[in-house]
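Chemist: One structure follows; several queries about it will come next.
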Amino acid sequence: MIVIMGASGTGKSTVSAYLTRQFGIPRVLTHTTRPARQGEVSGVDYYFETPTSFTQNHYLEAVTYSGYQYGSSYEGLTRAWAQNDLVSIILDTAGGMTYQQALGAQFAGLFLTVPDAAHLADRLVARGDAPARVAARLASAETKRDLTLPPALAPFTIVVVNADWAATKRALAAFVATFTA
């Protein structure tokens, strides 16, 4: 399982979609109670849940992030693995720690980062987040945590600075090649 991690705005969803398009690696959909952004569809981007429906799933990991609940269910994992032996999932670094402990040798971390906080703020605004929400998110403990790869995950994770899409695609191709060799 490729576990894609990084702070909000580092390109996790873009990279996940590219892995699916380019290499046929399906993404495990996670559940969230946050409202869908413009263009997002439940069952395609996330399973959008109410606080009540969120509690009715069986989670390998679940967190509260920016006031919303997120979690990856065993049901979602089963659906993805039915499609392909190699799948990806988008998690925060805390979720990545949980997955690494649960999956052991099946865990392959992919940590995305950007050159600086200004770059991150620009990306968040460009995707439609309100400036006040961006400022709050960048100041949050979760974002500060997810800007750095936890040392315990370093042996199992590659780091990609996602500032130049052509370079990112080359790094992803090399990473995926390690599983298909």
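Chemist: If you check every pair at least six apart or on different chains, which have Cβ atoms under 6 Å apart with a residue in region 130-155 that is at pLDDT below 85 first and a residue that is among the acidic types (Asp, Glu) second?
Modeler: Asp146/Asp92
Chemist: Let me ask something additional. If Ala163 satisfies all but one of (1) at pLDDT 80 or above; (2) over 28 Å from Gly43 (Cα atoms); (3) of a type in the set (A, V, I, L, M, F, W, C); (4) part of a helix (DSSP H, G or I), what's the number of the condition it fails?
Modeler: Status for Ala163: all satisfied but (4).
Chemist: Run Glu49 past the list (1) surrounded by 16 or more Cβ atoms within 10 Å (Cβ to Cβ); (2) under 16 Å from the mean Cα position of the chain (by Cα); (3) not β-branched (Val, Ile, Thr) and report the number of the one that doesn't hold.
Modeler: Failed condition: (2).
Chemist: Next question, about the same structure. Tell me which strands (runs of 3 or more DSSP E) are completely within region 1-83 and hold 3 or more residues being more than 25 Å from Leu153 (Cα to Cα) and touching a residue at least 60 places away in the same chain (Cβ under 8 Å), or say none if there are none. Spell out the reasoning first.
Modeler: Numbers: elements: 2-5, 59-65, 68-73.
Hits in region 1-83: none.
Chemist: Still on this model: Scan region 52-72 residue by residue and report those that are more than 17 Å from Ile4 (Cβ to Cβ) and surrounded by 14 or more Cβ atoms within 10 Å (Cβ to Cβ). Even if it seems obvious, please write down each step before you answer.
Modeler: The first filter runs over region 52-72 and keeps only residues more than 17 Å from Ile4 (Cβ to Cβ), leaving 52-59, 62, 64, 66-69.
Those that are more than 17 Å from Ile4 (Cβ to Cβ) and surrounded by 14 or more Cβ atoms within 10 Å (Cβ to Cβ): Phe54, Asn57, Tyr59, Ala62, Tyr68, Gln69.
The values are calculated or read from the model by the stated rules, or taken from the named source; none is laboratory data. These figures come from a predicted structure and were not determined experimentally. As a convention, Cβ positions derive from the backbone with ideal geometry for all residues, glycine included, and neighbour counts pool all protein chains shown.
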